[in-house]
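Here's the structure we're looking at; comments come further down.
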Amino acid sequence: MSLIPWVVFAVVDRAAPSPQWAALSAAATAVIIAWPSIAARSPLLLDLAAIVLFVALAIAAFLVGPDGREVIAQYGRTIVTGALALIVFATLPFKPFTEQYARLSVPRELWDTPRFKHVNRVLSAGWGAVFAVMTVCHLIAASQPDDRRLSTIFNWLLPIAAILVMIRVTERYRSAARDRVAAAPADAGSPRRQQG
C-alpha cells in the first residue's frame, strides 16, 4: 500500500504530463493511505516520506516556470524513485523500513531478536536495490524522452519486473525464516510462528 503513491505519480504523469498535478495526486493518495496509521499515532516511514516528497515536488513544480516544469516532468520518476532508494538505504543501519510492516504480523516477543533484525535488514536492502535499479531505468528513459519504446521498457516493463521479482523473493525469504524459527529447539524460547 505504501508504494501506491509512487504508482499514482507515474500513471498520472504518463496520462497527462504535468508534474504538479501528478505530484498532488500522489500526495493526496499518500495522505489517504497514511491516515489510519497517523490517527493511531504509529505512522509508517514510507507513508510520511511519500507525503513530504510529493508535496515538495508539487510545490516546486508550481513555483518554477515552464522550463523548470519540463525538467521535473522529464526527470520526475527518476527523482521520486531515487529519493525512495535513499530513504531505504539511509534507514537501513538504524531501523529497516520493512520492520514496521513486519511488526504488524510478527509476535512482539520477536521484535528485538537478532534474527528478526537480520531478516528485515536483508529484505530492506533488497528493496533498496530494486528502487535503485528503478531509478537507473527511469534515468535511461528520461535521457531519450521521445523514444516511446525505450520509455515502455525502462519506465514500465523493467521496473514492474523488478518489483514482482522482489515480492517473490520477500515471500520466499520470510517463509524460510518462519520455517527456521518453527524448527528451532523448544528450549530456545517460546513458540514462534513467523519471522520477518
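When the range 119-134 is examined, which residues are found to be open to solvent by 10 Å² or more (accessible area, probe 1.4 Å) and more than 16 Å from Ala90 (Cα to Cα)?
Those that are open to solvent by 10 Å² or more (accessible area, probe 1.4 Å) and more than 16 Å from Ala90 (Cα to Cα): Val133, Met134.
So for the range 38-55 (the condition being within 14 Å of the chain's Cα centre (by Cα) and among the basic types (Lys, Arg)), does at least one residue qualify?
no
Quick test of your reading of the structure: Cys137 fulfils all but one of (1) closer than 23 Å to Ala176 by Cβ; (2) open to solvent by less than 60 Å² (accessible area, probe 1.4 Å). Name the failing condition by number.
Of the numbered conditions (1) closer than 23 Å to Ala176 by Cβ; (2) open to solvent by less than 60 Å² (accessible area, probe 1.4 Å), the odd one out for Cys137 is (1).
Which residues, counting only those in the range 143-152, are open to solvent by 50 Å² or more (accessible area, probe 1.4 Å) and not charged (D, E, K, R)? Please lay out each step first, then the result.
If we filter the range 143-152 for residues that are open to solvent by 50 Å² or more (accessible area, probe 1.4 Å), which is where we start, we get 143-149, 152.
Matches in the range 143-152: Ser143, Gln144, Pro145, Thr152.
Please pick out the residue among Ile72, Ile59 that is of a type outside the set (D, E, K, R), more than 28 Å from Ser37 (Cβ to Cβ) and assigned to a helix (DSSP H, G or I).
Ile72
Could you look through the range 17-40, keep only residues that are in contact with a helix residue (DSSP H, G or I) (Cβ under 8 Å, 6 or more places away or on another chain) and not in a helix (DSSP H, G or I), and pick out the one that is farthest from Val64 (Cα to Cα)?
Residue satisfying both the conditions and the ranking: Pro17.
Only one residue in Glu99, Glu70 is at negative phi, in contact with a helix residue (DSSP H, G or I) (Cβ under 6 Å, 6 or more places away or on another chain) and of a type in the set (Asp, Glu), so which one is that?
Numbers: Glu70 fails: in contact with a helix residue (DSSP H, G or I) (Cβ under 6 Å, 6 or more places away or on another chain).
Just a single option satisfies the conditions, and that option is Glu99.
Have a look at Tyr173, Tyr101 and point out the one that is under 13 Å from the mean Cα position of the chain (by Cα) and either surrounded by fewer than 18 Cβ atoms within 10 Å (Cβ to Cβ) or closer than 22 Å to Val7 by Cβ (or both).
Tyr101
Please find, within the range 56-79, the residue that is farthest from Leu139 (Cα to Cα) out of those that are open to solvent by 60 Å² or more (accessible area, probe 1.4 Å) and in contact (Cβ under 8 Å) with a residue 12 or more places away in the chain.
Quick first cut of the range 56-79, residues open to solvent by 60 Å² or more (accessible area, probe 1.4 Å) only: 59, 62-63, 66-67, 69-71, 74-75, 79.
Next cut, in contact (Cβ under 8 Å) with a residue 12 or more places away in the chain only: 62, 69, 74-75, 79.
Numbers: Phe62: 23, Arg69: 17, Gln74: 9, Tyr75: 7, Ile79: 9 Å.
Per the criteria, the residue is Phe62.
Looking at the range 125-136, I want the residues that are under 18 Å from Ala10 (Cα atoms) and have a partner that is surrounded by 21 or more Cβ atoms within 10 Å (Cβ to Cβ) and of a type outside the set (Phe, Trp, Tyr) with Cβ atoms under 7 Å, at least 6 apart or on another chain. Which pairs are those?
From residues that are under 18 Å from Ala10 (Cα atoms), the pairs are Phe131/Thr81; Phe131/Leu84; Phe131/Val88; Met134/Thr81; Met134/Pro159; Thr135/Thr81.
The values are calculated or read from the model by the stated rules, or taken from the named source; none is laboratory data. Not measured: the values here are computed from a predicted model. Neighbour counts are summed over all protein chains in view; Cβ atoms, including those assigned to glycine, are modelled from backbone coordinates with ideal geometry. Ligands, DNA and RNA are excluded from the accessible area calculation, which covers all protein heavy atoms including side chains. Shrake-Rupley method; radii C 1.70, N 1.55, O 1.52, S 1.80 Å.
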